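The values are calculated or read from the model by the stated rules, or taken from the named source; none is laboratory data. Please read all numbers here as calculations on a predicted model, not as lab measurements. Cβ placement follows ideal geometry from the backbone for every residue including glycine, while neighbour counts extend to all protein chains displayed. Heavy atoms of the whole protein, side chains included, go into the accessibility calculation; ligands, DNA and RNA do not. Shrake-Rupley method; radii C 1.70, N 1.55, O 1.52, S 1.80 Å.
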Amino acid sequence: MVPQNSFAPLPPEEWPERIGHLRDDFAGRLNVYRVMAHHPDLLASWRDLRAHVVTRNALGAVRLEIAILRTAVRLGSDYEWSHHVDRSRALGMEDERIFSVAGSPDAMLPEDAVIARCVDTLLDRTRLEPAELEALERLVGKPGVLDLMATVGFYKSLGCIAETFAIPLDDGVEPFKATR
């Protein structure tokens, strides 16, 4: 087991200068990225993918949050789940919809269920079945299908980091359990 403190979030003043420009960008704001600062090249490379997945994807903000929440709950990542409950609420999503994502797709809104089933399949089998792919493409289009896959992979990586190193929630984030 890796000692947690060897991967504790690095305070931005301890970051190597080559990633200093990220301190005031996305990376300086969240503990998960402060942990990634232990690998400056990875963190620097992460920037462009993060910008696409988080802000420029074809899913739209609400569908993106559904995908992230489902990924977080499936991974058991309370860090990602808690952060994205906050983000979902900021988008105006109601708690009933947000917390439904942790349950059976049969109890979700139909479009949320399509996304949740696809996330489940990608995490379980790494490929969508033809009927799932067809339903997802009807809902989000071809770019959205690829963005959903990128989102699941991106947040699986973050979830692995958050859970392996028991990263503490950031200030102002209310803790919620990502249980299924």
Qualifying residue in the range 164-174 (condition: open to solvent by 20 Å² or more (accessible area, probe 1.4 Å) and part of a helix (DSSP H, G or I)): yes
Residues of the range 128-140 satisfying the condition of being part of a loop (DSSP other than H, G, I, E, B) and among the acidic types (D, E): E129
Qualifying residue in the range 84-91 (condition: farther than 20 Å from T55 by Cβ and either of a type in the set (G, A, S) or out of contact with any Pro (no Cβ under 7 Å at 6 or more places or on another chain) (or both)): no
Pair list, Cβ < 6 Å and 6+ apart or interchain, from the range 24-37 residues that are at pLDDT 95 or above to residues that are small (G, A, S) and buried (at least 22 other Cβ atoms within 10 Å of the Cβ): V32/A162; Y33/A27
Counted residues, the range 128-155 - those being crowded, with 19+ Cβ neighbours inside 10 Å and touching a residue at least 40 places away in the same chain (Cβ under 8 Å): 8
Residue under evaluation R63, criteria (1) of a type outside the set (S, T, Y); (2) within 22 Å of V32 (Cα to Cα); (3) within 14 Å of the chain's Cα centre (by Cα), criterion not met: (2)
Residue under evaluation R89, criteria (1) closer than 23 Å to D171 by Cα; (2) crowded, with 17+ Cβ neighbours inside 10 Å; (3) modelled with pLDDT of 95 or more, criterion not met: (2)
Selection count, the range 98-127, where residues are buried (at least 17 other Cβ atoms within 10 Å of the Cβ) and either touching a strand residue (DSSP E or B) at 6+ places or on another chain (Cβ under 9 Å) or assigned to a loop (DSSP other than H, G, I, E, B) (or both): 3
Number of positions in the range 7-27 that are in contact with a helix residue (DSSP H, G or I) (Cβ under 8 Å, 6 or more places away or on another chain) and part of a loop (DSSP other than H, G, I, E, B): 8
Top-ranked residue of the range 1-23 - restricted to ones that are open to solvent by 50 Å² or more (accessible area, probe 1.4 Å) and touching a residue at least 24 places away in the same chain (Cβ under 8 Å), ranked as farthest from I161 (Cα to Cα): R18
